[in-house]
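Engineer: Dropping the structure in here first, questions after.
The values are calculated or read from the model by the stated rules, or taken from the named source; none is laboratory data. The structure presented is a predicted model; accordingly, all values stated were derived computationally and were not measured. With ideal geometry, Cβ positions are generated from the backbone for all residues, glycine too; neighbour counts draw on all protein chains shown. The accessibility values were calculated without ligands, DNA or RNA, using every heavy atom of the protein model including side chains. Shrake-Rupley method; radii C 1.70, N 1.55, O 1.52, S 1.80 Å.
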Amino acid sequence: SEFSFVHIVELITDVNPEYLYPKSLASSIFEGAMHQHFLKDHMQSITDCDEETSPTDFYFDIIEKILKK
């Protein structure tokens with residue numbers, strides 16, 4: 001099943017209820033992930049995403065660091 005924007009916001013809030021910007025983070029994840037996929041396929045020189053490192057890996061790393069309490 002697909003995650004909706006609201007579901008992502010709820011997950012962020014569940015992980016860290018004190019995080020002040022869950023909607024902004026969720027929208028940045030959606031937009032940024034699409035952009036990183038494009039860069040991976042068309043402009044590899046300006047992204048670290050490749051065949052071994054996916055945009056998902058990149059965003060999980062960011063999210064984990066942002067939401068640590």
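Engineer: If I go through segment 14-30 residue by residue, how many of them are assigned to a helix (DSSP H, G or I) and either farther than 20 Å from Phe58 by Cα or touching a strand residue (DSSP E or B) at 6+ places or on another chain (Cβ under 7 Å) (or both)?
Structural biologist: Result for segment 14-30: 1.
Engineer: Pro22: touching an Asp or Glu at 6+ places or on another chain (Cβ under 9 Å) and open to solvent by less than 30 Å² (accessible area, probe 1.4 Å), yes or no?
Structural biologist: yes
Engineer: Next question, about the same structure. Condition first: among the charged types (D, E, K, R) and within 14 Å of the chain's Cα centre (by Cα). Now tell me which residues in segment 3-57 satisfy that.
Structural biologist: Lys23, Glu31, Asp57
Engineer: In addition: Pairs please, first residue from segment 51-69 and within 18 Å of Ser27 (Cβ to Cβ), second anywhere and surrounded by 12 or more Cβ atoms within 10 Å (Cβ to Cβ) and among the aromatic types (Phe, Trp, Tyr), Cβ atoms under 8 Å, 6+ apart in sequence or on different chains.
Structural biologist: Every condition considered, the pairs that remain are Ile66/Tyr19; Leu67/Tyr19.
Engineer: Another question, then. Any residue that is of a type in the set (Val, Ile, Thr), surrounded by 14 or more Cβ atoms within 10 Å (Cβ to Cβ) and either at positive phi or part of a helix (DSSP H, G or I) (or both) - is there at least one of those in segment 39-49?
Structural biologist: No, because not a single residue in segment 39-49 is of a type in the set (Val, Ile, Thr), surrounded by 14 or more Cβ atoms within 10 Å (Cβ to Cβ) and either at positive phi or part of a helix (DSSP H, G or I) (or both).
Engineer: Scan segment 50-69 for residues that are open to solvent by 100 Å² or more (accessible area, probe 1.4 Å) and in a helix (DSSP H, G or I) and jot them down.
Structural biologist: Across segment 50-69, the qualifying residues are Phe60, Glu64, Lys65.
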